[in-house]
Amino acid sequence: MWWRALFAGLFGAVLTCGAAAAAFDRAAVASQVCGGATGMTDAANAMLAGLVDATIDDARWAAALSGAAIDRSLKCGPQGPIIALPDGAVNAATLAPSEGSGGTSPLLSLKNRPLFETVRAAATLRSGATPNDRGAALTALERRAGSLPPEFFEKAAEAESDVGLRNRILAVGQAALLNSPDMSKRIAAIERIAATPDRRSLTRIDALKSDPAYVTDPDFRMAVDSGVASIGRWLSISNALNVFYNGLSVASILFMASAGLAIIFGLMGVINLAQGEFIMIGAYVAYAVQEALRAVAPGLIDWYLIAAIPVVFLVTAGIGVALEATIVRRLYTRPLMTLLATWAVSLLLVNLMRVAVGTQNLQFVTPWYISGGRLLMGDFIITWNRLFAIVFAGLTLGLTWFVLKRTPLGLNIRAVTQNRAMAGCVGVATRRVDMMAFGLGSGLAGLAGLALCPIYNVNPQMGSNFIVDSFMVVVLGGVGTLAGTAFAALGVGQINVLIEPLYGAVAAKVIVLLMIIAFLQWRPEGLYAVKGRRK
């Protein structure tokens, strides 16, 4: 209960400091609370005024008295006001144990209850034991900041040890100073609010244009106009950053979904319509790792995304190798049959997952390291789940580039991609390279599914939403080029994010497709053309 911590700290302070150090005439205020509606109003106003310079001891006493009046544990009897607690009664003025008992509880009117709630919140802000207590009190005060003396929040901020809470207190106090009778304080508050450019600050300052001082005082009008203009500029910058950040997060997912397809399509010319289902399998394998950790090591469940990376890659790569060895390998010379076969495989995988797991969205734990975000400026917020996808895509790009450029497998893949016949003539096992490349492409698709877990609905149909976009990215970037795929994904992601708020998601996809068609008319080989001697 709130009173336990309150009175435990207060008894020691009372014994040490004594009544002489009090900023309030506690006995008089306590008596006023028992003096009817008018007395209660006077008592609340006296406590609000005194809280500006109150000590921690005084603030705790004000919180105790106002809280007792609200919950009706304050008793007004012949021996004076007391507060009835489960462990015994205490004197309402000194909070020392009292022998008195009984009495009636004063009833707060509709006018006085908000006053006493404001007193309790203000006193708790000055004397709360934890930042959470003080933060909750500040939240309650935000709607009533204008009823407090403007200096109150400055005093509370000076005494606050938590940096984040101190900034919140100053922000609330600045909003309260906007109504100060001192014009210099109003102008200073406008300048301080404009230094934190966001929508709320813009609304607060823009509302001052209807203030009479806006017409009569040139300095006030100039402060308001410059504040609105400054916030508007910063909001424009933050909006541009938001668009770029959201586009980058979309591009990261598109790249991971397309990278494996680019390798498979560029190397073997296989239109793998089951690539989206490998994304889905990767997400389901990540879910299986999460549930395994929940059963075996619940304390490590926050790290399931990290633990699932090798498992997801190996499982999806293994399924890809099996698919290439059993079905795709026999159909290399028949592209239409390959397309139909991989489409049949995608339908099979989707329906197997429906039967085995169900059609509902999977529920993933949100680890602490991808929860929430950080407000950097204006309305620009970096969310940790999208940042995880961006960083993960960047690491995947780096590792894939290393495999293709710095390993024997990558050398063989590049050789077969450029000239299959010549690579076979110099001893490259082209069929084995095909199998390994198919597995690598499938594994990359599985990693895309893992990256999607924190930000996307995971269900058996999720992969089909990416297959068309993935092929667009591969064709636009240039078949078989990793750099082209990365740049094409970045371009498609940014354009989608720019167009979607204006015309809607469906229209954005249509416009992007028309733009890609127009670009390919001018440059059929895409952004990057594969070097080689193919006819």
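The values are calculated or read from the model by the stated rules, or taken from the named source; none is laboratory data. On a predicted model such as this, the values are computed, not experimentally measured, just so you know. Cβ placement follows ideal geometry from the backbone for every residue including glycine, while neighbour counts extend to all protein chains displayed. Each accessible area value is taken on the protein alone, full model and side chains, heavy atoms only, with ligands, DNA and RNA left out. Shrake-Rupley method; radii C 1.70, N 1.55, O 1.52, S 1.80 Å.
Judged by the mean number of other Cβ atoms found within 10 Å, the most tightly packed of the peptides 39-49, 206-216, 413-423 leads the ranking 39-49, 413-423, 206-216. Global size of region 207-334: 27.1, 86 Å for Rg and Dmax (C-alpha atoms, Rg to one decimal, Dmax whole).
Can you tell me the FRET efficiency between Val355 and Arg431 if r is taken as the Cβ-Cβ distance and R0 is 35 Å, rounded to the nearest 0.05? Plugging the Cβ-Cβ distance into 1/(1 + (r/R0)^6) gives 0.55. Computed over region 296-384, the P(r) tail beyond 16 angstrom holds 73 percent of alpha carbon pairs. For the pair Ala297 and Met377, label points projected 7 Å from Cα toward Cβ lie 4.2 nm apart. The packing ranking of peptides 55-63, 426-434, 133-141, 278-286, highest mean first, is 278-286, 55-63, 133-141, 426-434, where packing means the average number of other beta carbon atoms within 10 angstrom of each residue.
A prolate overall shape is assigned to region 355-514, the ratio a/c of its alpha-carbon gyration tensor axes (a ≥ b ≥ c) being 1.5 or greater and a/b exceeding b/c. Between Asp71 and Ala213, the C-beta separation translates, for a Förster distance of 45 Å, into a calculated FRET efficiency of about 0.60. Scoring 289-299, 440-450 by mean Cβ neighbours within 10 Å over their residues and listing the highest first yields 440-450, 289-299. Seen against the Cα atoms of the chain and their longest principal axis, helix 218-268 is set at about 30 degrees.
Over the chain, the reciprocal of the mean inverse Cα-Cα separation, the Kirkwood hydrodynamic radius, stands at 28.5 Å. Each part reduced to its alpha carbon centroid, region 29-55 and region 336-389 end up 58 Å apart.
The mean accessible area for residues of the chain, using a 1.4 Å probe and ignoring ligands and nucleic acids, is 48 Å² per residue.
Dividing the summed -39500 (n - 2.57) terms of all DSSP H runs of n ≥ 4 by the residue count of the chain sets its mean residue ellipticity at 222 nm at -23000 deg cm²/dmol.
Using a 1.4 Å probe over the heavy atoms of the protein chains, calculate the carbon and sulfur portion of the accessible area of region 423-508 as a whole percent. Reported share for carbon and sulfur atoms: 66 percent.
A simple spin-label model places pseudo-atoms 7 Å from Cα toward Cβ; at Gln521 and Glu142 they are separated by 5.3 nm.
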